[in-house]
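S.K.: This is the structure, below, for whatever I ask next.
Please treat every number below as a calculation from the coordinates, not as lab data. The structure displayed is predicted, hence computed values, not measured ones. Ideal geometry is used to build each Cβ from the backbone, glycine not excepted, and the neighbour counts take in all protein chains shown.
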Amino acid sequence: MTGYTPRVIGRSGRRGFAAAGRRVHGDVRGPRESAWTAVYAQVKRIPRGRVMTYGQIASLLEQRLSPRAVGWALHGCPAGVPWQRVVNAGGGCSTDRLPDVPPGLQRALLEHEGVVFRDNGTLDLERYRFVPPAPRLRRRRRRAAGSTRR
C-alpha cells in the first residue's frame with residue numbers, strides 16, 4: 001500500500017499510547033467490576049412494581065454497554081436478579097421473542113408485582129419507571145482558619 005505509515009510499535013509489540021506506557025482514559029485504580037456485574041447490581045436496585053428500560057441502565061453505566069448488550073446480560077443473569085423489571089423503550093416486554101422464555105412470563109411476573117398493562121401490551125413508563133436517586137457527592141470539610149493538619 002502506498003502512503004501507509006504504521007504507528008510506532010513499542011517493545012511490547014503494541015501500537016500507539018499503550019506502547020508508550022500511557023493510558024488513554026486515565027489510570028484505573030483497584031479492580032474494576034465487569035459490565036455485566038454492574039448491570040445485575042443496577043437491576044437489583046429496582047423496587048417491586050417499578051421498571052427501568054434497557055437504555056436507562058446503559059446510560060447509568062455511562063454507555064459501557066449498549067441497551068442491546070444490557071438485554072444479553074439479563075438473558076443469562078444469575079438467580080436473584082429481578083430481570084423482569086427491565087422493559088424496552090416502548091414499555092413492552094421483549095422476552096416474548098426468546099425461545100427459552102415462556103411467552104407472557106415477564107408480563108405475568110410484573111402483573112404479580114402490581115404493574116398494570118394497557119390493551120396494546122405495554123405499560124405506562126410515566127407511572128412505573130424507576131429513576132434512581134443521583135449519587136451524593138461527598139463534600140470536603142473545610143478546616144478552621146489557623147488549624148494545622150497532623
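S.K.: Once amide H atoms are placed 1.01 Å from N in the peptide plane, what residues at a sequence separation of 5 or more from residue 92, or on another chain, have their amide H within under 5 Å of its amide H?
M.R.: 123
S.K.: Report the calculated FRET efficiency for residue 79 and residue 137 (r = Cβ-Cβ distance, R0 = 25 Å), to the nearest 0.05. Before the final figure, lay out the partial values.
M.R.: Working: r = 34 Å, r/R0 = 1.37.
Calculated transfer efficiency: 0.15.
S.K.: If packing is taken as the average count of other Cβ atoms within 10 Å, what order do 120-128, 91-99 fall into, highest mean first?
M.R.: Details: 120-128: 13.6, 91-99: 15.7.
Packing proxy ranking, top to bottom: 91-99, 120-128.
S.K.: Moving to a separate point now. Under the rule of at least 5 residues apart or a separate chain, name every residue whose amide H is placed under 5 Å from the amide H of residue 87.
M.R.: The answer is 52, 53, 54.
S.K.: Stretch residue 105-residue 88 to full length: gain in nm at 0.36 nm per residue minus the Cα-Cα span?
M.R.: The residue 105-residue 88 span can extend by a further 4.6 nm.
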